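Heads up: the structure comes next, in C-alpha cells.
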Amino acid sequence: MGRLVCVLLLLLATAAAAAEPVWPRLSGRVVDEAGVLSQAARDSLTAKLAAHEQATGDQVVVATVPSLQGLSVEEFANRLFRAWGLGGAERDDGLLLLVAPSERKVRIEVGYGLEGTLTDALSKVIIVNAVTPRFKAGDFSGGVTRGVDDIITVLTTDASE
C-alpha cells in the first residue's frame, strides 16, 4: 500500500511539473508570440513604450500568445507578469497588455504601483471600447495600438482631470 502511494505521488508530481506553463521569453517591449502584429505596429509600439518608460519609469509590455496553456487569462497574465518581473520589485510599476487571440482573451495586468492610476474599471473600459472592436474587425495591430495609446493616456493624465 505504501509503495502504491509513493508511485501515485510521483505520478502527480510529474503531471504537475508537465503542466507548468512555458513562458515566452521577454525579448523586448513587444513580444508577439502569436504573430498577429504587423512589423510596422511592433516598431511603432516599441518606440512609443520606450519613450513612455523613459519619461515616467513605468514599464509597459505588450504580449501576444498563441495559447493560455489551460489557464484563465487572469492567472496567465498574473503569472507571466511575475515571471518577467515587470516594473521592478521596489516600485512595482509595470503593466502587461496580454492578448490571446485564439482564445479571444485580453487582459491588462497592472503592478501595485500603478493600480491607483489604472484601475480594473478603467482597464475594462479600454479593452471594451478600444481593443475589442478592432479585434472583431480583424485588426489586431490597430486594437493593440489603440489599447496602448489609451493606457499611456491614463498613466500620463493628471488624476484630477
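The values are calculated or read from the model by the stated rules, or taken from the named source; none is laboratory data. Since we're looking at a predicted model, the values are computed, not measured. Cβ atoms come from the backbone with ideal geometry, glycine included; neighbour counts cover every protein chain shown. Please note that ligands, DNA and RNA were not included when accessible areas were found on the heavy atoms of the full protein model with its side chains. Shrake-Rupley method; radii C 1.70, N 1.55, O 1.52, S 1.80 Å.
The residue of segment 136-161 that is least open to solvent (accessible area, probe 1.4 Å), among those that are farther than 23 Å from A40 by Cβ and in contact (Cβ under 8 Å) with a residue 40 or more places away in the chain, is L155.
Among the residues of segment 102-135, those that are over 22 Å from S44 (Cα atoms) and in a helix (DSSP H, G or I) comprise S102, E103, Y112, G113, L114, D120, A121, L122, K124, V125, V128. Inside segment 77-87, residues that are within 9 Å of G111 (Cα to Cα) and of a type outside the set (A, V, I, L, M) make up a count of 2. If you go through segment 103-127 and keep only what is in contact with a helix residue (DSSP H, G or I) (Cβ under 8 Å, 6 or more places away or on another chain), surrounded by fewer than 17 Cβ atoms within 10 Å (Cβ to Cβ) and acidic (D, E), you end up with just E103. Among the residues of segment 119-153, those identified as among the aliphatic types (A, V, I, L, M) and over 19 Å from E75 (Cα atoms) are L122, V125, I126, V128, A130, V131, A137, V144, V148, I151, I152.
The number of residues in segment 76-102 being surrounded by 14 or more Cβ atoms within 10 Å (Cβ to Cβ) and acidic (D, E) comes to 2.
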